[in-house]
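The values are calculated or read from the model by the stated rules, or taken from the named source; none is laboratory data. Remember, predicted model here, so these are calculated numbers, not experimental data. Backbone-built Cβ (ideal geometry, glycine too); neighbour counts: all protein chains shown. When the accessible area is computed, the model is the full protein with side chains, heavy atoms only, and any ligands, DNA or RNA have been set aside. Shrake-Rupley method; radii C 1.70, N 1.55, O 1.52, S 1.80 Å.
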Amino acid sequence: MDAEIIEKCLELVAERAGDPAPSVFQRLFAENPEVEALFVRDTAGLVRGEMMAVTLEALLDCATGDSYAVGLVEIERVNHVGLGVAPEVFDTFFRVVMTVFREILGDEWTPAMDAAWRRVLAKFPHALS
Ligand code: HEM
């Protein structure tokens, strides 16, 4: 079951690296420098932590086959335009999350995890391109 595999993956990431949010956002900002300015007031990283948490929750819901969560992400894409976040940043963010987690886990990243993440991200066709 993809949701269980991804949940296990999140646990392992937390054990190996603690909170992955700083590494994920560092990578996102390297790829999309304009996004960093949107978090300029977020000096303590609370908003970034919240965005990471809601994103993981949404991806986990998507892994259960819950089409509600896919719809929620599509709605948030549109809502976030008003916050200055371009819709395609969501795809970049999802891909960056997977890449950073794969790097953190190294040899512990299994083919089953890779397949589960790819199936979830495939619900957002641009996330894997
Ligand atoms: C399923 C995914 C997501 C959900 C459910 C979500 C939800 C939210 C909510 C409820 C807010 C507060 C709304 C408001 O201030 O009007 C917010 C703000 C924000 N989100 Fe997200 N978000 C998601 C993904 C993302 C992603 C991928 C990014 C970019 C990396 C992002 C960047 C932001 C920014 C910059 C703000 C404004 C922060 C501020 O006002 O200081 N969000 N989001």
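Summary table
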{"item": "Which listed residue, of 113, 98, is within 19 Å of residue 10 (Cβ to Cβ), more than 9 Å from the ligand (Cβ to nearest atom), open to solvent by less than 60 Å² (accessible area, probe 1.4 Å) and under 14 Å from the mean Cα position of the chain (by Cα)", "result": "98"}
{"item": "Hey, residue 91 within 10 Å of the ligand (Cβ to nearest atom) and either of a type in the set (Gly, Ala, Ser) or in a loop (DSSP other than H, G, I, E, B) (or both) or not", "result": "no"}
{"item": "Qualifying residue in the stretch 56-67 (condition: within 14 Å of residue 121 (Cα to Cα), modelled with pLDDT of 95 or more and of a type in the set (Val, Ile, Thr))", "result": "no"}
{"item": "Looking only at the stretch 34-57, and only at residues there that are among the small types (Gly, Ala, Ser) and more than 15 Å from residue 94 (Cα to Cα), the one that is nearest to the ligand (Cβ to nearest atom)", "result": "37"}
{"item": "In the stretch 2-30, the residues that are in contact with a helix residue (DSSP H, G or I) (Cβ under 6 Å, 6 or more places away or on another chain) and of a type in the set (Asp, Glu)", "result": "2"}
{"item": "Filter result (within 25 Å of residue 114 (Cα to Cα), open to solvent by less than 40 Å² (accessible area, probe 1.4 Å) and assigned to a helix (DSSP H, G or I)) within the stretch 11-54", "result": "12, 13, 21, 24, 25, 28, 29, 49, 52"}
{"item": "Tally of residues being open to solvent by 70 Å² or more (accessible area, probe 1.4 Å) and near the ligand (Cβ under 8 Å from one of its atoms) across the stretch 65-88", "result": "3"}
